[in-house]
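The values are calculated or read from the model by the stated rules, or taken from the named source; none is laboratory data. Not measured: the values here are computed from a predicted model. Glycine gets a Cβ as well: all are built from the backbone with ideal geometry, and neighbour counts include every protein chain shown.
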Amino acid sequence: MSADCIFCKIVAGEIPSATIHESEHTIAFLDIAPVIPGHALVIPRKHYANLFELPDDLGNALLSDVKRVGEAIVSATGAQGLNLGMNNHEAAGQLVMHAHFHLIPRFDGDGLKLWGQQAYESQEAMMALAEKIRNSLS
């Protein structure tokens, strides 16, 4: 636990939340500033700052709970779809430095726009970046 983390305080019961699911490894609750009503967060009970700090052995439990909560959100809201997102580090929009997944119900014509796309300057530039990423995996 991190003493100054709002999500750790929710896990500890020090701050109230609209909790919708709890398991051994995770807790899920409605976001207090939803993009669309039903927008929820699934977080690990233990404090990890972001995806890159999560232990691999926690992955199955997290994914299982994300799927379960996501299906419940779609069912309860009547959504036609669901976005799953995770922001990692401030530059990516992470506001609370405790790993968390956003589950956002989606409806036809809801007006939510994700992000604009752009083309690579050339096929060669794309292939060079792919090679650089592959080399970083080594």
| said: Given the options Ser23, Ser75, name the one that is at pLDDT 95 or above and touching an Asp or Glu at 6+ places or on another chain (Cβ under 6 Å). | reply: Ser23
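Determine if the stretch 36-58 includes at least one residue that is closer than 21 Å to Ile104 by Cβ, among the β-branched types (Val, Ile, Thr), surrounded by fewer than 18 Cβ atoms within 10 Å (Cβ to Cβ) and more than 14 Å from the chain's Cα centre (by Cα).
Keep residues of the stretch 36-58 that are closer than 21 Å to Ile104 by Cβ, which gives 36-44, 50-51, 54.
Add one more test, that the residue is among the β-branched types (Val, Ile, Thr), and what stays is 36, 42-43.
Remaining after also requiring surrounded by fewer than 18 Cβ atoms within 10 Å (Cβ to Cβ): 36.
Right, trim to more than 14 Å from the chain's Cα centre (by Cα) and you get 36.
Yes, some residue in the stretch 36-58 is closer than 21 Å to Ile104 by Cβ, among the β-branched types (Val, Ile, Thr), surrounded by fewer than 18 Cβ atoms within 10 Å (Cβ to Cβ) and more than 14 Å from the chain's Cα centre (by Cα).
Out of His102, His98, which single residue is within 22 Å of Ser2 (Cα to Cα), assigned to a loop (DSSP other than H, G, I, E, B) and either charged (D, E, K, R) or touching a residue at least 40 places away in the same chain (Cβ under 8 Å) (or both)?
Values: His102 fails: assigned to a loop (DSSP other than H, G, I, E, B).
None of the others qualify; the one that does is His98.
From the residues in the stretch 103-125 that are surrounded by fewer than 10 Cβ atoms within 10 Å (Cβ to Cβ) and aliphatic (A, V, I, L, M), which one is farthest from the chain's Cα centre (by Cα)?
As a first pass, look at the stretch 103-125 and keep what is surrounded by fewer than 10 Cβ atoms within 10 Å (Cβ to Cβ): 108-109, 111, 113-119, 121-124.
This time we only want the ones that are aliphatic (A, V, I, L, M), so: 114, 119.
Working: Leu114: 14, Ala119: 26 Å.
Residue satisfying both the conditions and the ranking: Ala119.
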| query | Can you name the number of the only condition in (1) touching a helix residue (DSSP H, G or I) at 6+ places or on another chain (Cβ under 6 Å); (2) under 20 Å from Lys113 (Cα atoms); (3) not small (Gly, Ala, Ser) that Leu84 fails? | reply | (1)
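Report, by residue number, each residue of the stretch 78-95 that is out of contact with any Asp or Glu (no Cβ under 8 Å at 6 or more places or on another chain) and not in a strand (DSSP E or B). Outline the logic, then answer.
Filtering the stretch 78-95 down to residues out of contact with any Asp or Glu (no Cβ under 8 Å at 6 or more places or on another chain) leaves 78-79, 81-95.
Correct list: Gly78, Ala79, Met86, Asn87, Asn88, His89, Glu90, Ala91, Ala92, Gly93, Gln94, Leu95.
Where residues in the stretch 88-118 are of a type in the set (A, V, I, L, M) and at pLDDT below 95, which of them is farthest from His47 (Cα to Cα)? Reasoning before the result, please.
In the first step, residues of the stretch 88-118 are kept if they are of a type in the set (A, V, I, L, M); the result is 91-92, 95-97, 99, 103-104, 112, 114.
Filter once more, so that each one left must be at pLDDT below 95: 112, 114.
Numbers: Leu112: 30, Leu114: 28 Å.
It comes out as Leu112.
What's the total number of residues in the stretch 1-32 that are in a loop (DSSP other than H, G, I, E, B), touching a strand residue (DSSP E or B) at 6+ places or on another chain (Cβ under 7 Å), surrounded by fewer than 18 Cβ atoms within 10 Å (Cβ to Cβ) and of a type in the set (Ser, Thr, Tyr)? Quick ask: steps written out before the conclusion?
Quick first cut of the stretch 1-32, residues in a loop (DSSP other than H, G, I, E, B) only: 1-5, 12-18, 23-25, 31-32.
Still in the list and also touching a strand residue (DSSP E or B) at 6+ places or on another chain (Cβ under 7 Å): 17-18, 25, 31.
Add one more test, that the residue is surrounded by fewer than 18 Cβ atoms within 10 Å (Cβ to Cβ), and what stays is 18, 25.
Right, trim to of a type in the set (Ser, Thr, Tyr) and you get none.
Selection size over the stretch 1-32: 0.
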| request: Quick one: Val74 ticks every box in (1) within 13 Å of the chain's Cα centre (by Cα); (2) closer than 29 Å to Gly111 by Cα except a single one, so which number is it? | output: (1)
| query | Which residues, counting only those in the stretch 8-26, are of a type outside the set (D, E, K, R) and under 13 Å from Val42 (Cβ atoms)? | reply | Ile10, Val11, Ser17, Thr19, Ile20, His21, Ser23, His25, Thr26
